[in-house]
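For reference, the structure is listed below as structure tokens.
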Amino acid sequence: MRLVRILIACCASLLICALPAAAQKAQKAHKATAQETAAAPRITLSLDATEAPRKIFHARLTIPASPGTLTLYYPKWIPGEHGPTGPIDDLTGLTFTANGQTLKWRRDLLDGWTFHVEIPGGVSNVEAALDFVSPAGGGRGMFSGAASATDKMTVVSWNTMLLYPAGWVSDELTYEASLRLPTGWKYGTALPVASQNGDEIKFQPVSLTTLVDSPVIAGEYFRIVPLSENPLQEIDIAADSAAALEAPEDVLDHYKNLTGQALKLFGAQHFRDYHFLYSLSDHVAHFGLEHHESNDSRSAERSLVDSQQRLLAAGLLSHEYVHSWNGKYRRPAGLATPDYQKPMQDDLLWVYEGLTSYLGDVLSARSGIRTAEQFRDTLARTAARLDHTPGRTWRNLQDTADAVPAMQGGPQQWESWRRTVDYYAEDVLNWLWVDMIIRQQTHGAKSIDDFCHLFHGGESGPPQVKTYTFDDVVNTLNQVVPYDWRVFWTERLTNHGPGAPLAGIEASGWKLVYDEKRSELQRTAEGYEGADAAYSIGLLFNKDGIIADTIEDMPAAKAGIGPGMKLIAVNGKKFTGDSLRAALKEGKSSSAPIELLVENSDYYHTYKLDYHSGERYPHLVRDESKSDVLSEIIKAK
Ligand SMILES: [Zn+2]
């Protein structure tokens, strides 16, 4: 998964996926119960998405049942979202009928995602009807439960539109799904299709695991970009306009390179086909969500055709693609849950997301999606943010992963003091450090690529899940090169700073510096945020001068400014990015303080900042005393 703000923020239907260990245990337990002789239920699901532009979806399910109480679940813990994010408050219109009778139901008092339905005698099937009302507009919902439909396109995430019976693991339940789309819409998915009749698609029967892992993208403006033939890999793009689909050929060529570079990195593929499902819309939530044979990635409408938007979204698809290996094929044991009700444990997200972030960034450069300079600028911004995270003094990196089920959706306000999901960005720095240690210890003979071959490679073939623990990571690293990896990672995960871990960057022949030059990436990001004075006076902005965050112990915070206030004027002149930059520059040759007029809950105050160090933006510059290994790391293989 990837939040686009961080920037920066399986579909093995006919195949038998290897059951995660937890699932195997649950399966054994289940088989020892009274249902020992019962056949696993086969459920039909008809989804009517013809009202997608109204953002309401109508589902009808036929579920085998017997007299007594039937317990049904609405998926709560969503794979790749790492938490209990199933959008239960958008489940509406729930009714159950059998033999023409409406059945009574009641929600569980201890778990709001669970329903108990009273089944009368003589009933063998229950008809369930439900509507999913997809959030309209920004802000509401998390990830696949967030805004997912526009006038011209939608993404169907099956977990939001179904129920499943208690007593079975998700691998055991079979779903026969069909989907009706608005007239003329085209679609893409990794879910195998059985037949199509006009706007109705019937899919092959698959396990619930596979169904939930195989979303469908659909829209009026739709384009398929072939990437490779064997195995078939393609980008299925739905956009809010025809113009948004007209990506330059060289841009698409970079994604062809991505598939080749990934195969070289990992040495094997664990999917039959692979589909990048790419939504281009300013009206859906922006994030990426990984699946075994596809990914659901969503960014601004002009992310392929506008060079600035392209730069901001540059790391998204490579990150989600890496997850097919790191996250889906290799999965932390605590995340390989048997169904969608059992809580997940997120302690290994520093591998699941952290290593994916590093490898996704490396592959974005190896494939040409990012230039070497853009890669370095991205790394510099990452390092600078983490180097200005006072929250590390009270909260270690491990806790940013452990806490995810409870608090992954924290606001940007006070982010530098709360700490955010730093197991993404900080572990880019840590895994680069690992890469450098391997290279140094082996005198350049080995690298992180060797780890990936061992950990993620093996035989190519259909999706399967191989779980791992902390020990497995340490042991595989030791197989690459003996080193005290346990101590290394324990220190990385539990230390309290003060600064960001920059040893990997420094060993690779580069240094993090701050100067007055804004990189292309910096300018582009500021174009959307208004201004960035994070590393000068400690101010980050949303649009319109709203202060997104202040960094503790930096000049703005010390002067009394806090998040949520609004910057109105700088040295008496209306606030714009230009007026703020001009004031910072003038302050260098003046002893006068910088004066900020700030609105706070209808009151205005002028704050004086005794600051004279000018603009400060992060860059990586060469350290000529060392060889340039970083450039070697990102060179196409
Ligand atoms: Zn991710």
Tabulated pairs, segment 624-637, first under 21 Å from Lys256 (Cα atoms), second assigned to a loop (DSSP other than H, G, I, E, B) and not aliphatic (A, V, I, L, M), C-beta under 8 angstrom, 6+ apart or interchain
Ile633/Ser447; Ile633/Ser508; Ala636/Ser367; Ala636/Gly368
Can Pro165 be described as surrounded by fewer than 24 Cβ atoms within 10 Å (Cβ to Cβ), within 24 Å of Thr92 (Cα to Cα) and of a type outside the set (Gly, Ala, Ser)?
yes
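Considering only residues of segment 168-188 that are of a type in the set (S, T, N, Q) and touching a strand residue (DSSP E or B) at 6+ places or on another chain (Cβ under 9 Å), which is nearest to Val212 (Cα to Cα)? Outline the logic, then answer.
The initial filter retains those residues of segment 168-188 that are of a type in the set (S, T, N, Q), namely 170, 174, 178, 183.
Now narrow it down to the ones that are touching a strand residue (DSSP E or B) at 6+ places or on another chain (Cβ under 9 Å): 170, 174, 178.
Values: Ser170: 9, Thr174: 12, Ser178: 14 Å.
Only one residue fits best here, namely Ser170.
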Could you tell me which numbered condition Ser195 fails, if it satisfies all but one of (1) open to solvent by 10 Å² or more (accessible area, probe 1.4 Å); (2) not in a strand (DSSP E or B)?
(2)
Search segment 586-600 for residues that are open to solvent by less than 60 Å² (accessible area, probe 1.4 Å) and pair each with any residue that is part of a helix (DSSP H, G or I) and β-branched (Val, Ile, Thr) when their beta-carbon atoms are under 8 Å apart and the residues are at least 6 apart or on different chains.
none
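Just to be sure, is Val473 open to solvent by less than 10 Å² (accessible area, probe 1.4 Å), under 30 Å from Tyr274 (Cα atoms) and at pLDDT 95 or above? Steps first, please.
On the way: open to solvent by less than 10 Å² (accessible area, probe 1.4 Å): yes; under 30 Å from Tyr274 (Cα atoms): yes; at pLDDT 95 or above: yes.
In short, yes.
Mind telling me which of the residues Leu316, Leu311 ends up being crowded, with 22+ Cβ neighbours inside 10 Å, away from the ligand (no atom under 12 Å from the Cβ), hydrophobic (A, V, I, L, M, F, W, C) and at pLDDT 95 or above?
On the way: Leu316 fails: away from the ligand (no atom under 12 Å from the Cβ).
Leu311 is the lone residue from the list that is crowded, with 22+ Cβ neighbours inside 10 Å, away from the ligand (no atom under 12 Å from the Cβ), hydrophobic (A, V, I, L, M, F, W, C) and at pLDDT 95 or above.
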Checking Pro75, Pro64, Pro84 in turn, the sole residue that is in contact with a Ser or Thr (Cβ under 7 Å, 6 or more places away or on another chain) and within 28 Å of Ala336 (Cβ to Cβ) turns out to be Pro64
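Yes/no per residue for (1) modelled with pLDDT under 50; (2) within 16 Å of the ligand (Cβ to nearest atom); (3) under 26 Å from the mean Cα position of the chain (by Cα); (4) crowded, with 22+ Cβ neighbours inside 10 Å:
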| residue | (1), (2), (3), (4) |
| --- | --- |
| Ala12 | yes, no, yes, yes |
| Gln27 | yes, no, no, no |
| Ala39 | no, no, no, no |
| Gly68 | no, no, no, no |
| Ile88 | no, no, yes, no |
Testing Gln408 on (1) open to solvent by 10 Å² or more (accessible area, probe 1.4 Å); (2) of a type outside the set (Gly, Ala, Ser); (3) within 16 Å of the ligand (Cβ to nearest atom); (4) within 28 Å of Asp628 (Cα to Cα), one condition comes back false. Which one is that?
(4)
Among (1) modelled with pLDDT under 95; (2) closer than 30 Å to His286 by Cα; (3) open to solvent by 30 Å² or more (accessible area, probe 1.4 Å), there is one condition Ser46 misses while meeting the rest; what is its number?
(1)
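The values are calculated or read from the model by the stated rules, or taken from the named source; none is laboratory data. Everything numeric here is computed off the predicted structure, so don't read it as measured data. Every residue, glycine as well, gets a Cβ built from its backbone with ideal geometry; the counts of neighbours run over all protein chains shown. With ligands, DNA and RNA removed, areas are computed over all heavy atoms of the protein, side chains included. Shrake-Rupley method; radii C 1.70, N 1.55, O 1.52, S 1.80 Å.
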